[in-house]
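Chemist: Structure provided below as structure tokens; questions to follow.
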Amino acid sequence: MSMAQQAEPAVGRSPASGPRQSDGRTARRPPALRLLARPEVGVFLGAVAVLVFFLIAAPPVRDGSSMANILYQSSTIGIMALPVALLMIGGEFDLSSGVAVISSALTASMLSYQLTVNVWTGVIVALAVSLAIGAFNGWMVVKTGLPSFLVTLGTFLILQGTNLAVTKLVTGNVATDDISDMDGFDQARKIFASSFDVGGVQVKITVVWWLVFAAVATWVLLRTKYGNWIFAVGGNKDSARAVGVPVRFTKITLFMLVGFGAWFVGMHNLFSFNTVQSGEGVGQELIYIAAAVIGGCLLTGGYGSAIGPVFGAFMFGMVQQGIVYAGWNPDWFKAFLGVMLLGAVLINLWVQRTATRR
């Protein structure tokens with residue numbers, strides 16, 4: 001029998017002759033399961049639950065100014081959580097992100113004050129320094145093959161010590177000098193730390209930047225070749241390299257994006273308070289990573305979104321301010337964060353198992 005004769009019955013069968021047979025691999029999953037497969041679904045439901053809880057338990061939360069404060073707290077976490085999440089999707093961590101924020105602010109403040117130059121000079125130099133720190137972390141990871149946990153832990157300790165030592169050496173104190181009367185301060189403050197009125201409520205500009213950065217990150221992940229590279233190197237870097245993905249470039253630039261986020265938040269801190277405490281920032285890196293994990297990013301890489309960390313950061317801001325508005329002891333904040341983190345991990349695990357179940 002010829003090959004054409006063998007194929008003829010399958011081609012000639014009428015669709016009406018019987019139901020199409022399907023193996024489990026090609027069957028379409030129900031819409032509910034496809035929705036559950038989205039990494040941000042679990043954290044969205046969690047964020048709604050936390051919001052409803054505090055709306056009931058803490059009546060001041062219902063006030064517009066209170067919600068503006070919550071969004072502000074969320075934005076300062078969320079701006080950094082976005083690049084940290086992208087890095088985690090790419091399969092890496094950055095434990096130096098918290099102190100890198102302070103390093104950036106210290107650089108801009110001390111350079112501007114000590115050299116008596118326009119503060120924009122310090123801002124630009126701080127950006128270069130932050131990107132260089134990110135590039136160094138990325139280069140060390142791809143060059144040595146060491147886990148990013150170890151590389152960035154070393155950078156964390158270096159920056160922490162340098163922040164304190166250099167600040168004391170230059171200023172004779174643990175904080176920088178006030179730069180509010182220097183040239184360019186007012187213009188920089190408008191960009192990094194201003195407020196605007198919405199219905200009689202003052203909203204910080206960081207909330208707008210947070211949402212803009214989230215939109216850009218989502219577009220990059222879902223609509224660009226670079227976004228495909230991020231998922232590829234996080235899923236399996238060897239396979240990604242085999243199909244032509246520039247693994248080194250992708251990982252180094254992801255670390256540099258974290259550096260950019262650290263610079264932006266550092267500038268906000270500087271132009272909000274006019275001065276910087278050199279010992280701050282320690283522990284914030286865990287908040288950023290936790291917001292990304294709560295937002296659906298896997299610790300193993302290759303899975304996540306940019307929208308999920310937005311809800312994760314909102315949950316952090318909601319709990320942080322909600323405890324205060326409820327009149328509870330703020331010492332419970334970290335306990336709430338621990339519960340949220342464990343709950344998010346369990347929900348993400350359940351969501352993935354449910355979504356992949358046939």
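Chemist: May I ask you to give the percent of accessible area on region 164-308 that is carbon plus sulfur, with a probe radius of 1.4 Å?
Modeler: C and S atoms contribute 61 percent here.
Chemist: Further, regarding this structure: Have a look at Gly259, Phe273, Phe192 and report the one farthest towards the positive end of the charge dipole of region 180-299, computed about the Cα centre with Cβ charges (Lys/Arg +1, Asp/Glu -1).
Modeler: So the residue we want is Gly259.
Chemist: Could I ask something else about it? Using Cα pairs under 8 angstrom and six or more residues apart, how large is the relative contact order of region 272-348, in percent?
Modeler: In percent, rounded to a whole number, it is 27.
Chemist: Sort the following peptides by mean Cβ neighbour count (other Cβ atoms within 10 Å, averaged over residues), highest first: 92-100, 200-208.
Modeler: Order by mean packing, descending: 92-100, 200-208.
Chemist: Per residue, how big is the convex hull around the C-alpha atoms of region 211-358? Give it to me in cubic angstrom, could you?
Modeler: Working: hull volume 22.4 nm³, N = 148.
In region 211-358, the Cα convex hull volume per residue is 151 Å³.
Chemist: If you don't mind, another one. If you roll a 1.4 Å probe over the heavy atoms of the protein chains, what accessible area per residue do you get for the chain, in Å²?
Modeler: 50 Å²
Chemist: Moving on. Rounded to whole Hz and in sequence order, give me ³J(HN,Hα) for region 313-329 from the Karplus expression 6.51 cos²θ - 1.76 cosθ + 1.60, θ = phi - 60°, writing x for Gly and Pro.
Modeler: 5, 4, 4, 4, x, 5, 5, 4, 7, x, 4, 5, 5, 7, x, 8, 5
Chemist: Out of every Cα-Cα pair in the chain, what percent are more than 38 Å apart?
Modeler: Counting every Cα pair in the chain, those more than 38 Å apart make up 25 percent.
Chemist: Further question on the same structure: Go ahead and run the numbers for FRET between Thr224 and Trp332, Cβ-Cβ distance against an R0 of 41 Å, rounding to 0.05.
Modeler: On the way: r = 42 Å, r/R0 = 1.02.
Working from the Cβ atoms, E equals 0.45.
Chemist: Something else about it: Return the whole-Å distance between the Cα centroid of region 198-236 and the Cα centroid of region 122-189.
Modeler: 23 Å
Chemist: For the chain: lysine pairs with Cα atoms under 17 Å, gap of 8 or more or different chains, count?
Modeler: So the count of such lysine pairs works out to 6.
Chemist: Mind checking which of Leu346, Ala105, Asn163 is farthest towards the positive end of the chain's charge dipole, using Cβ charges of +1 (Lys, Arg) and -1 (Asp, Glu) about the Cα centre?
Modeler: Leu346
Chemist: Normalised by the number of residues in region 130-224, what is the relative contact order in percent for Cα pairs under 8 Å and 6+ residues apart?
Modeler: 10 percent
Chemist: Okay, moving on. Whole-Hz Karplus ³J(HN,Hα) for region 265-275, in order, using 6.51 cos²θ - 1.76 cosθ + 1.60 and θ = phi - 60°, x for Gly and Pro?
Modeler: With the stated coefficients, region 265-275 comes to 5, x, 5, 4, 4, 5, 7, 7, 10, 6, 8 Hz.
Chemist: Describe numerically, in nm with one decimal, the distance between label points set 7 Å from Cα along Cα→Cβ at Asp181 and at Ala165.
Modeler: 3.4 nm
Chemist: Given Cβ point charges of +1 (Lys, Arg) and -1 (Asp, Glu) and nothing else, what value in debye, to the nearest 20, does the dipole of region 126-207 about its Cα centre take? Numbers along the way, then the final one.
Modeler: Numbers: 5 positive and 6 negative charges, 88 e Å.
For this selection, approximately 420 debye.
Chemist: For the chain, with only Lys/Arg (+1) and Asp/Glu (-1) charged at the beta-carbon, what is the dipole magnitude about the Cα centre, in debye rounded to 20?
Modeler: Around 1760 debye, computed over the chain.
Chemist: More than 19 angstrom separation, counting every C-alpha pair in region 75-139; what % is that?
Modeler: Above the 19 Å cut-off, region 75-139 has 39 percent of its Cα pairs.
Chemist: At 222 nm, what helix-only mean residue ellipticity would the chain give, in deg cm²/dmol to the nearest 500, using -39500 (n - 2.57) for each DSSP H run of four or more?
Modeler: Numbers: 15 runs with 253 residues, N = 358.
When only DSSP H runs of four or more count, the value is -23500 deg cm²/dmol.
The values are calculated or read from the model by the stated rules, or taken from the named source; none is laboratory data. Just so it is clear, the model here is predicted, and its values are computed rather than measured. Cβ coordinates were reconstructed from backbone atoms using ideal geometry, including for glycine residues, and neighbour counts include every protein chain displayed. Surface areas here come from the heavy atoms of the whole protein model, side chains and all, with no ligands, DNA or RNA. Shrake-Rupley method; radii C 1.70, N 1.55, O 1.52, S 1.80 Å.
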